[in-house]
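Heads up: the structure comes next, in structure tokens.
Read-outs: derived from the displayed coordinates by stated rules, not from any lab. On a predicted model such as this, the values are computed, not experimentally measured, just so you know. Virtual Cβ from ideal backbone geometry, glycine too; neighbours counted across all protein chains shown.
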Ligand SMILES: Nc1ncnc2c1ncn2[C@@H]1O[C@H](COP(=O)(O)OP(=O)(O)OP(=O)(O)O)[C@@H](O)[C@H]1O
Ligand SMILES: [Mg+2]
């Protein structure tokens, strides 16, 4: 579909930017611009993922993660340069969740952005996560969950809107799309969790999320640390788009490997 084509194009753009920035005699000003361009591409990739999630409830790609890390990361990102700040309180024995990190990050970011926007002159956002056991209740199956609350001291939501805020396109903001909470709702449901709201006009709003927790531990090593592995040998690059094959082939080449290409499974085994 369109999102797939779009992502392929972005892969080619990001790949070329990455290769270009490896050039040794690049003036520093040029390098900065490439970094900016790369950042924007990565944001565009995030955006297209969001559209995809929203359009067809994109299936989550689940891995074990620590909700406290996700919350801190999202808050640092969203609130940097904002007049609001987050205060965290996490259970010391907080369990892990099995989740699509990008998607959950997006949920948390949407809620934190809303919280910030609800406090135009700044304030404190209380971010908490604890372990809870849930007996079968409403949309939640019985089991162990991590309960996350994000509470602001902002304008609050009038009762008459409370039932509507999760609807797509419901917004009270001049430049809102009204998709933030609708997306959050669909992602949380795809993770077999729940999202609820409590609010009082003039006092603030609290969003509560339940996500199933697991007994598994985090995979070793920080997944976001990037250590290029150079080496020798042939690597088979399999993709149906020629441009994508080529850029990946060049990257593999930079790392010292020789690339072989195939456009589909049949060609790959030949
Ligand atoms: N923390 C909050 N405090 C007060 N009102 C809120 C809060 N979170 C959501 N709302 C209300 O719910 C509406 C829908 O929120 P949602 O995030 O879905 O869309 P939006 O913020 O208006 O637009 P977008 O997220 O696309 O920028 C908001 O317009 C606002 O009226
Ligand atoms: Mg929003």
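Cut-off is 10 Å between beta-carbons; in what order do 145, 257 appear when sorted fewest neighbours first?
Result, fewest neighbours first: 257, 145.
Counting residues in the stretch 167-230 as N, plug N into 2.2 N^0.38 Å and put the Cα Rg over that result.
Numbers: Rg = 18.0 Å, N = 64, 2.2 N^0.38 = 10.7 Å.
Taking N as the residue count of the stretch 167-230, the ratio is 1.68.
In percent, how large is the relative contact order of the stretch 117-270, given Cα pairs closer than 8 Å and 6 or more residues apart?
Values: 247 pairs, mean separation 27.7, N = 154.
Reported as a whole number, the value is 18 percent.
Over the alpha carbons of the stretch 133-270, what is the largest minus smallest coordinate on each principal axis, giving the biggest first in Å?
So the extents along the principal axes, rounded to whole Å, are 63, 41, 30.
Efficiency by 1/(1 + (r/R0)^6): what FRET value for residue 98 and residue 200, r their Cβ-Cβ distance, R0 = 35 Å, to the nearest 0.05?
E between residue 98 and residue 200, to the nearest 0.05, is 0.55.
Tell me, how many Å apart are the Cα centres for the stretch 1-50 and for the stretch 172-212?
Each part's Cα centre sits 31 Å from the other's.
In what order do 29, 199 fall by count of nearby beta-carbon atoms within 10 Å, going from fewest to most? Present the calculation step by step, with values, prior to reporting the outcome.
Working: 29 7, 199 21.
Least to most surrounded, the residues fall as 29, 199.
How long are the three semi-axes of the equivalent ellipsoid of the stretch 1-56, in whole Å, if each is the root of 5 times an eigenvalue of the C-alpha gyration tensor, listed from largest down?
Working: eigenvalues 152, 24, 5 Å².
Gyration-tensor ellipsoid for the stretch 1-56: 28, 11, 5 Å.
Using only C-alpha positions, report the orientation-averaged shadow area of the convex hull of the stretch 227-270, nm², one decimal. Intermediate results must be reported in sequence, preceding the final value.
Numbers: hull surface 12.4 nm².
Taking the Cα atoms of the stretch 227-270, their convex hull projects to 3.1 nm² on average.
At a threshold of 8 angstrom on Cα-Cα distance, excluding pairs fewer than six apart, so keeping six or more, what relative contact order does the chain reach in percent? Each step should come with its number before you reach the end.
Working: 445 pairs, mean separation 45.2, N = 270.
17 percent.
Among DSSP beta bridges whose residues both lie in the chain, state the antiparallel percentage, nearest 5. Before the final figure, lay out the partial values.
On the way: 29 of 40 bridges.
Restricted to the chain, the bridges split so that about 70 percent are antiparallel.
Residue separation times 0.36 nm, minus the C-alpha to C-alpha distance between residue 126 and residue 36: what's the value? Provide the component values of the computation, followed by the final result.
Working: separation 90, 0.36 × 90 = 32.40 nm, distance 3.21 nm.
That works out to 29.2 nm of additional length.
Assign one of three labels to the chain, namely rounded, prolate or oblate, based on the Cα gyration tensor with a ≥ b ≥ c the square roots of its eigenvalues; rounded applies when a/c is under 1.5, prolate when it is not and a/b is larger than b/c, and oblate otherwise.
Values: a/c = 2.03, a/b = 1.72, b/c = 1.18.
Prolate.
Given labels modelled 7 Å from the Cα in the Cβ direction, how far is it in nm from residue 259 to residue 175?
Reported label-point gap for residue 259 and residue 175 is 3.9 nm.
What's the whole-number percent of alpha carbon pairs in the stretch 59-160 lying beyond 17 angstrom?
Details: 2908 of 5151 pairs.
Percentage above 17 Å: 56.
Remind me, relative contact order of the stretch 1-56 in percent, using alpha carbon pairs under 8 angstrom and six or more residues apart?
Working: 20 pairs, mean separation 30.9, N = 56.
Answer for the stretch 1-56 is 55 percent.
Do the sum for the chain: with -39,500 (n - 2.57) for every DSSP H run of n ≥ 4, divided by all residues, what is the mean residue ellipticity at 222 nm, to the nearest 500 deg cm²/dmol? Present the calculation step by step, with values, prior to reporting the outcome.
Details: 8 runs with 111 residues, N = 270.
When only DSSP H runs of four or more count, the value is -13000 deg cm²/dmol.
Take every DSSP beta bridge whose two residues both sit in the stretch 1-128, then give the antiparallel share in percent to the nearest 5.
On the way: 3 of 8 bridges.
Antiparallel bridges make up about 40 percent of those DSSP assigns within the stretch 1-128.
Can you tell me how much longer the chain between residue 76 and residue 218 gets when fully stretched, taken as 0.36 nm per residue apart minus their C-alpha distance, in nm with one decimal? Don't skip to the end; give the middle numbers.
Details: separation 142, 0.36 × 142 = 51.12 nm, distance 2.14 nm.
Residue separation times 0.36 nm, minus the Cα-Cα distance, leaves 49.0 nm.
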